[in-house]
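Let me begin by presenting the structure, written as structure tokens, before commenting on it.
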Number of protein chains: 2
Amino acid sequence: MPHESWELLGSEYLKHYRVVRLREDRYRFKPTGEEAPFVVCESANWVIVLPITDQEEVVFIRQFRHGVQQNVLEVPGGIVDPGESPEEAAQRELREETGYEADKIEILGELLPNPALNNAWFHVALATGCRLVSQPEFDGWETIETLLKPRSKVREMIRNGELTHAQVVAAFALWEAKSNSH
Amino acid sequence: MPHESWELLGSEYLKHYRVVRLREDRYRFKPTGEEAPFVVCESANWVIVLPITDQEEVVFIRQFRHGVQQNVLEVPGGIVDPGESPEEAAQRELREETGYEADKIEILGELLPNPALNNAWFHVALATGCRLVSQPEFDGWETIETLLKPRSKVREMIRNGELTHAQVVAAFALWEAKSNSH
């Protein structure tokens, strides 16, 4: 069993940011006896929302992402706050980032964004009956565009490279796998 | 346009690890004039390999991942080394991690694992005609199990939570979107 190859020797925090805490874990790799540090980007779990309108449109967003230093097409989402359920976080993020509200939120499952680097999981929330009820309420650090696209176009958007955010692609794949369509 | 809201004021490296370099970028958010640091986990791009045998089986692996401190079911993959093409990296990682070799490697596209935190993209490589040709050749820090599963079971593995690595789920979704099956 691979995990028996690794002994955690200790952990220390390097630096805290708004969402992420950098932690360094030191391991001994038992097969060789060698030791090495591994960095973990520690955060709370987050939620990725698939917001669907009654017209079978998906409410996409586009926002600046600091990792790639460019605007990225994705869907609403964010960290699940303390004391909040994933469903509540999904409804809140949907409302704040787009001004849309869902009739129903269903958690489809949990996925690992990057288990080599992140400790967190993300919940996939299917939000149906979405309608525009207000202006978005961005936090102090957001400027977000909303884009409606037919749900039937998502496969094509993945194929032609329009939708490249792997967590969003995986969220749609989980929905597809859980649906009864085939 | 959201990206015009952000002015990059400066960058500095915090620490270098084997694969990842931690970089801190300082931005001014123009709408409010406030400044804040954002951490970027800088690395070379990597490749995720979907290895398929002539018996329509997928060569999965299971390995310890330090972010979640547990074994994770995924597929072979790794960093594209300097001077290497994504196809070459796919063939090399497949061989090193599993002992399998592909007849043909086709790059299906590129996805963003986490554009908020990572600068890197990952290539999705479809590796067909895979057959076991040697023992795996782990680098100094790997202990990896190989598991063969029928390709027809992948959708069920996503649905039942057996396959939770979002990059791998997204890679299969890209393959699905690019296939002519429906």
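The values are calculated or read from the model by the stated rules, or taken from the named source; none is laboratory data. Quick caveat: nothing in here was measured; it's all calculated off a predicted structure. As a convention, Cβ positions derive from the backbone with ideal geometry for all residues, glycine included, and neighbour counts pool all protein chains shown. SASA here: full protein model, heavy atoms, side chains in, ligands and nucleic acids out. Shrake-Rupley method; radii C 1.70, N 1.55, O 1.52, S 1.80 Å.
Is it the case that segment B:98-106 has a residue that's out of contact with any Pro (no Cβ under 9 Å at 6 or more places or on another chain) and on the phi > 0 side of the Ramachandran plot? First the steps, then the outcome.
Taking segment B:98-106 as the starting set, the residues that turn out to be out of contact with any Pro (no Cβ under 9 Å at 6 or more places or on another chain) are B:101, B:103-104, B:106.
From what is left, the residues that are on the phi > 0 side of the Ramachandran plot are none.
Within segment B:98-106, not a single residue is out of contact with any Pro (no Cβ under 9 Å at 6 or more places or on another chain) and on the phi > 0 side of the Ramachandran plot.
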Practice task
Select from segment A:66-118 the residues that are in contact with a Cys (Cβ under 8 Å, 6 or more places away or on another chain) and either over 30 Å from B:Ser43 (Cβ atoms) or at pLDDT below 95 (or both) and list them in ascending order.
Solution key: A:Leu94, A:Tyr100, A:Glu101, A:Ala102, A:Asp103
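Among the residues of segment A:27-54 satisfying the criterion of being within 27 Å of the chain's Cα centre (by Cα) and without any contact (Cβ under 8 Å) to a residue 24 or more places away in the chain, which is farthest from the other protein chains (Cβ to nearest Cβ)? Explain how you work it out, then say what you get.
Going residue by residue through segment A:27-54, those that are within 27 Å of the chain's Cα centre (by Cα) are A:37-54.
Right, trim to without any contact (Cβ under 8 Å) to a residue 24 or more places away in the chain and you get A:37-38.
Numbers: A:Pro37: 7, A:Phe38: 4 Å.
Only one residue tops the list, namely A:Pro37.
Return the residue satisfying two criteria in turn: it lies in segment A:148-182 and is charged (D, E, K, R) and within 21 Å of B:Ile107 (Cα to Cα), and of such residues it is most open to solvent (accessible area, probe 1.4 Å). Reasoning before the result, please.
Initial filter on segment A:148-182 (charged (D, E, K, R)): A:149, A:151, A:153, A:155-156, A:159, A:162, A:176, A:178.
Now restrict to residues that are within 21 Å of B:Ile107 (Cα to Cα): A:155-156, A:159, A:162.
On the way: A:Arg155: 61, A:Glu156: 78, A:Arg159: 96, A:Glu162: 72 Å².
Top of the filtered list is A:Arg159.
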Exercise for the section: Go through the residues of segment A:103-110 one by one and say whether even a single one is open to solvent by 30 Å² or more (accessible area, probe 1.4 Å) and more than 18 Å from the chain's Cα centre (by Cα). Expected result: yes
Practice task
Provide a single number: the residues in segment B:1-16 that are within 9 Å of chain A (Cβ to nearest Cβ) and either open to solvent by less than 100 Å² (accessible area, probe 1.4 Å) or modelled with pLDDT of 95 or more (or both).
Solution key: 7
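Can you tell me which residues in segment B:111-122 are open to solvent by 30 Å² or more (accessible area, probe 1.4 Å) and either within 10 Å of B:Val49 (Cα to Cα) or free of Cβ contacts under 8 Å to residues at least 60 places away in the same chain (or both)? Write out each step before concluding.
Of all residues in segment B:111-122, those open to solvent by 30 Å² or more (accessible area, probe 1.4 Å) come to B:116, B:119, B:121.
Selection gives B:Ala116 alone.
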Practice task
Take B:Arg18 and decide whether it is basic (Lys, Arg) and either touching a Lys or Arg at 6+ places or on another chain (Cβ under 7 Å) or not in a strand (DSSP E or B) (or both).
Solution key: yes
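Here are B:Glu97, B:Glu145, B:Glu74, B:Glu137: which of them is closer than 23 Å to A:Glu34 by Cβ and buried (at least 22 other Cβ atoms within 10 Å of the Cβ)? Give the derivation first.
Numbers: B:Glu145 fails: buried (at least 22 other Cβ atoms within 10 Å of the Cβ); B:Glu74 fails: closer than 23 Å to A:Glu34 by Cβ; B:Glu137 fails: buried (at least 22 other Cβ atoms within 10 Å of the Cβ).
Exactly one of B:Glu97, B:Glu145, B:Glu74, B:Glu137 is closer than 23 Å to A:Glu34 by Cβ and buried (at least 22 other Cβ atoms within 10 Å of the Cβ), namely B:Glu97.
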Handout entry: Unique residue being touching an Asp or Glu at 6+ places or on another chain (Cβ under 6 Å), under 26 Å from A:Pro31 (Cα atoms) and not aliphatic (A, V, I, L, M) when the list is B:Gly67, B:Gly99, B:Gly77
Key = B:Gly77
Completion exercise
Filtering segment B:81-90 down to residues that are open to solvent by less than 50 Å² (accessible area, probe 1.4 Å) and touching a residue at least 12 places away in the same chain (Cβ under 8 Å) yields B:Pro86, B:Ala89, B:Ala90
